[in-house]
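These notes are about the structure you will find just below.
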Amino acid sequence: MKIVFIRLNMFEHIGSDAMKPILFGIVKGLTSPEHEITFIDERAERLPEKIDADIIAFSVETFTAKRAYVLAKKFKTDRNIIVMGGFHASVMSDEMLEYADTVLIGDAEGTWENFIKDCEKGSPKNIYLSEESSSLKPIAHFRDIYRHRYYGLGVYQISRGCKWNCDFCSIKTMYKTVRRKSAETVFEELRHSKEKILFFVDDNLFYDKNSALELFRTIAPLKKRWACQISMDAAKDDALLGEMKRAGCFLVLMGYESLNAESLGEMHKIANSAADYEEIIRRIHKHGMLIYGTFVLGCDSDSPDVFKKTYDFAVRNNLAVTNFNPLIPMPGTGVYRRMESEGRLLYKKWWLSDNYRYGDTAFVPKNMTPEELRDGCLKMRKDFYSVKCILKRLFCNPHNLKPYNLGVFLAINLISRREINKKQGQLLGGILNAADVD
């Protein structure tokens, strides 16, 4: 069979911030060599006008769902099979089946290979469900499947799932438990990687101190440099941060989310205490690591002064990178259910609406207008990535000026500056013309 597997973009736009899709390697390893499989990353290359394949597969997130449906209608014939999977499938499989022949729910392992076997017999099912029980195995390095260098950045995964249960986060809609590779397994996987710079895409690399220390000490001899996402509890431990640095960590992504204790409580962000933020930042900087801070604005406890307070905090503490996001009611989350029950959703399904644009507000905030939330977040982003602010943050933190950190700091800031202007206000996916999606 001839298979085309597509990593979708939110809209027709070649980005400069795409990272290597780890899913390509997973799917390649699960596909029998007798089948011809082609991988296309729409974030880095344009799709062909026609696709001649027996199977066209889409990896779908909520922000790319509309794009998936538009392309499914475009490429569907009476001779091919359209299959979709990804995070969105875990909560909106019935919606997907309006556009796809088959939906894979959960991990590719346990669903993709069964789907392919059934296609070989000519009898694919409508739904395949992963039971989240398989252990995580090393991903083989299939270099021929990537047609782009992705800045020479290696992307790896040590765990799936998160130990926390934040109200706005969609991770729990797909993963109810946390599964981790052993430190030895990670070492063997990384040992075969030619990339010297890595990003661990785990939603939270830190599960507990013992497993983290074992991981850091095991991979340290590889002399890789890497970035990761961690929760606040990890950043409170000096010994742990020291081991991270010695193992090669140069940047940590942390979800501060809010400076407002009430908003943190509303989000169920129990790992965070805003009173500790500045001390945590000083501690991370003391170990010579850069910080990518993310913030969520628009909770019920937020008023219009939240934008300046949050922006000033990020600049004052010399965060290397930030993401200032309006609260998004993602399907399947507590936030979505609450907004729906209170009649505060601006669209029945914002991800399908032909009126919703990237960066828009999808609900009615309590203490500001939807337009104030949209414009406040956009202003923060533009101001933070202005040339003046980039230079100010660069020179106010001596760790930014270290030879390696300097290159990383400038690259990420310039890419972020460019992507803001390209993405803001873009219509997701194209025109769907589906009935009753608003």
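Here Glu12, Glu49, Glu95, Glu61 are screened, and the one residue that is surrounded by fewer than 20 Cβ atoms within 10 Å (Cβ to Cβ) and either within 26 Å of Gly332 (Cα to Cα) or in contact with a His (Cβ under 7 Å, 6 or more places away or on another chain) (or both) is Glu61. When the criteria are applied in full, Asp202 fails the requirement of being touching a residue at least 12 places away in the same chain (Cβ under 8 Å), in a helix (DSSP H, G or I) and under 13 Å from Val252 (Cβ atoms). Taking the criterion of being more than 14 Å from Gly425 (Cα to Cα) and under 24 Å from the mean Cα position of the chain (by Cα), the residues of the range 351-369 that qualify are Leu352, Phe363. Here Val335 clears all of (1) surrounded by 22 or more Cβ atoms within 10 Å (Cβ to Cβ); (2) part of a loop (DSSP other than H, G, I, E, B); (3) aliphatic (A, V, I, L, M) except the condition numbered (2).
For Lys66, the stated conditions hold: it is out of contact with any strand residue (DSSP E or B) (no Cβ under 8 Å at 6 or more places or on another chain), open to solvent by less than 10 Å² (accessible area, probe 1.4 Å) and more than 28 Å from Leu136 (Cα to Cα).
Of note, Phe363 does not satisfy the criterion of being out of contact with any Pro (no Cβ under 7 Å at 6 or more places or on another chain) and either of a type in the set (A, V, I, L, M) or crowded, with 18+ Cβ neighbours inside 10 Å (or both).
Residue-by-condition table, conditions (1) open to solvent by less than 60 Å² (accessible area, probe 1.4 Å); (2) over 25 Å from Val321 (Cα atoms); (3) not polar (S, T, N, Q):
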| residue | (1), (2), (3) |
| --- | --- |
| Lys163 | no, no, yes |
| Thr185 | yes, yes, no |
| Glu189 | yes, yes, yes |
| Leu222 | yes, yes, yes |
| Gln229 | yes, no, no |
| Asp237 | yes, no, yes |
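For the range 165-183, name all the residues that are out of contact with any Ser or Thr (no Cβ under 8 Å at 6 or more places or on another chain), open to solvent by less than 30 Å² (accessible area, probe 1.4 Å) and within 18 Å of Gly85 (Cβ to Cβ). Ile171, Tyr175 - these are the residues of the range 165-183 that are out of contact with any Ser or Thr (no Cβ under 8 Å at 6 or more places or on another chain), open to solvent by less than 30 Å² (accessible area, probe 1.4 Å) and within 18 Å of Gly85 (Cβ to Cβ). Within the range 293-320, residues that are under 11 Å from Cys377 (Cβ atoms) reach partners that are of a type in the set (A, V, I, L, M) and open to solvent by 10 Å² or more (accessible area, probe 1.4 Å) with beta carbons closer than 7 Å, at six or more positions or on different chains, in the pairs Leu297/Val306; Thr310/Leu259.
For the range 112-131, check the following and say yes or no: at least one residue is assigned to a loop (DSSP other than H, G, I, E, B), in contact with a Ser or Thr (Cβ under 9 Å, 6 or more places away or on another chain) and at pLDDT below 85. So far as the range 112-131 goes, no, none of its residues is assigned to a loop (DSSP other than H, G, I, E, B), in contact with a Ser or Thr (Cβ under 9 Å, 6 or more places away or on another chain) and at pLDDT below 85.
You will find that of Asn421, Asn325, the residue that is open to solvent by 40 Å² or more (accessible area, probe 1.4 Å) and outside any helix (DSSP H, G or I) is Asn325 and no other. With respect to being over 25 Å from Phe142 (Cα atoms) and not in a helix (DSSP H, G or I), Glu49 fits the description. The sole residue among Met19, Met1 that is out of contact with any Cys (no Cβ under 8 Å at 6 or more places or on another chain) and of a type in the set (A, V, I, L, M) is Met19.
The values are calculated or read from the model by the stated rules, or taken from the named source; none is laboratory data. Since we're looking at a predicted model, the values are computed, not measured. Here the Cβ is made from the backbone with ideal geometry for all residues, glycine too, and neighbour counts use every protein chain on show. Calculation scope for accessible area: heavy atoms of the full protein, side chains included, ligands and nucleic acids excluded. Shrake-Rupley method; radii C 1.70, N 1.55, O 1.52, S 1.80 Å.
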